[in-house]
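Only one structure is covered here, and it is reproduced in the block below.
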Amino acid sequence: MKRIFTFLFLLPSLLFAQAFTNDTLYSIPVNGDTLSIPITVSGLPNATSSSFGLITVCLDIRCTTVSDLRVMLRAPNDSLIMLADQKGGDGGGYYGTCFEENRANGWIFQGSAPFVGSYYPQQSLNTFNTGLNPNGVWTLVVTDLFIFSDTGSVDYFSITFGNNPPPTPVFTGCSGSNPAGCKCPDGVSTDCDLLPEMTASAIDILLHHQESSGHLIFSNSTPNIGWGPLEIHGIDSCFCDSTPISCQNLLLCPDSTPHKQVVNQRIYHRSGNTMTYYDHRAGTMSYNPAHQHTHVDDWASYSLRRSTPNPDATTWPVIGTQTKTSFCLSQSW
């Protein structure tokens, strides 16, 4: 069922806010498929601006683990923004949650589920307030990235347009220049290492794998869901086997393999309102000329296991093991 609610100023012909709602219940697919929920918008001015545009996106989502979900908004011209990508920790649900640029509860990526109230989205709603024609089909795009884990539903979705959309705020959260905005793992301490934490993307494995007799080849993404950045630096220390060589030497080693370069991982440390860091040796890497990218020794290790009734996957029998070597780092601090 789709409903339209309109609110007008007392001044004649001056539009204040207009909300468009889809309150049909939609089940979230558990196989990694994307759920798209439409709302048709009509009767608005034919171009958004800083004087009139999108001001609020509200939704109600019920699920066991909200951090499994990626929630996006698509405009009629097919442009997309990220509302929330795997945020909230182990809690469940968005209950009457609104995304807007004059929020009451802070940034969505700093919050904990269940989410209630208003939050800044991960990407600004004002992305759509730069001349876009708002009339047409808007779509809420929801994906459960941790497939086959649990069930959930989207019970409600609305978007509101109005005069003078609030400006996009300047982020003052966790950064090297704002240590106070960084959370320690226990959520309470103010003196801790801000360690990254890698996880494997189940949907990437599902969508990009090849099976043949005795072999399983798959692609994988390793997003960082931890407390600090995953930052590495190659240093001026290179080897052929255990023999030191110049890192400027582009020739292959005597055994026809590329030389290895030592990698340091930078660990940031918050101490109250002070940010420091230290470097930790984290293995070696080499440039693969055939692939034209860098390989890091044992970037991530995987095991293929046969499932049992025990919910703890680490107890399942191991069928095979392998490592991921190539990588691409993005979005540095």
(request) Give the stretch 213-244 a look and list any residue that's touching a residue at least 12 places away in the same chain (Cβ under 8 Å), assigned to a strand (DSSP E or B) and polar (S, T, N, Q), or say none. (result) 224, 237
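Considering each residue of the stretch 289-307, count those that are assigned to a loop (DSSP other than H, G, I, E, B) and assigned by TED's automatic domain parsing to the domain that holds residue 253, and give that number. Can you show your working first?
Narrowing the stretch 289-307 to residues assigned to a loop (DSSP other than H, G, I, E, B): 289-292, 306-307.
Now restrict to residues that are assigned by TED's automatic domain parsing to the domain that holds residue 253: 289-292.
Residues flagged as assigned to a loop (DSSP other than H, G, I, E, B) and assigned by TED's automatic domain parsing to the domain that holds residue 253 within the stretch 289-307 amount to 4.
Does residue 254 fit the bill of being in contact (Cβ under 8 Å) with a residue 24 or more places away in the chain and over 26 Å from the mean Cα position of the chain (by Cα)?
Working: in contact (Cβ under 8 Å) with a residue 24 or more places away in the chain: no; over 26 Å from the mean Cα position of the chain (by Cα): yes.
For residue 254, the condition - in contact (Cβ under 8 Å) with a residue 24 or more places away in the chain and over 26 Å from the mean Cα position of the chain (by Cα) - is not met.
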(message) Here is a list: 328, 247. Which entry is assigned to a loop (DSSP other than H, G, I, E, B), at pLDDT below 90 and within 23 Å of residue 224 (Cβ to Cβ)?
(response) 328
(message) Just the residues that are within 20 Å of the chain's Cα centre (by Cα) and of a type in the set (Gly, Ala, Ser), please, taken from the stretch 188-232.
(response) 200, 201, 202, 219, 221, 226, 228
(message) Take the conditions touching a residue at least 24 places away in the same chain (Cβ under 8 Å), part of a loop (DSSP other than H, G, I, E, B) and either within 30 Å of residue 23 (Cα to Cα) or not acidic (Asp, Glu) (or both) and apply them to residue 192. Does it pass?
(response) no
(request) Kindly check whether there is at least one residue in the stretch 270-284 that is surrounded by 11 or more Cβ atoms within 10 Å (Cβ to Cβ), in contact with a Ser or Thr (Cβ under 8 Å, 6 or more places away or on another chain), free of Cβ contacts under 8 Å to residues at least 60 places away in the same chain and among the hydroxyl-bearing types (Ser, Thr, Tyr). (result) no
(request) Select from the stretch 148-179 the residues that are hydrophobic (A, V, I, L, M, F, W, C) and either surrounded by 17 or more Cβ atoms within 10 Å (Cβ to Cβ) or at pLDDT 85 or above (or both) and list them in ascending order. (result) 154, 157, 159, 161, 174
(request) Kindly indicate the residue of the stretch 113-130 that is buried (at least 18 other Cβ atoms within 10 Å of the Cβ) and assigned to a strand (DSSP E or B) and also farthest from the chain's Cα centre (by Cα) among those meeting that condition. (result) 118
(message) Restricting to the stretch 131-169, give me the number of residues that are part of a loop (DSSP other than H, G, I, E, B) and of a type in the set (Gly, Ala, Ser).
(response) 2
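Looking only at the stretch 198-234, how many residues end up being β-branched (Val, Ile, Thr) and in contact with a Phe, Trp or Tyr (Cβ under 6 Å, 6 or more places away or on another chain)? Don't jump to the end; show me each part of the working.
First, the residues of the stretch 198-234 that are β-branched (Val, Ile, Thr): 199, 203, 205, 217, 222, 225, 232.
Now drop any that are not in contact with a Phe, Trp or Tyr (Cβ under 6 Å, 6 or more places away or on another chain), which leaves 205.
Residues meeting the conditions: 1.
Can you work out which of the residues in the stretch 22-63 that are charged (D, E, K, R) and surrounded by 15 or more Cβ atoms within 10 Å (Cβ to Cβ) is farthest from residue 201 (Cα to Cα)?
Selected residue: 60.
The values are calculated or read from the model by the stated rules, or taken from the named source; none is laboratory data. Computed from a predicted structure; not experimentally measured. Every residue, glycine as well, gets a Cβ built from its backbone with ideal geometry; the counts of neighbours run over all protein chains shown.
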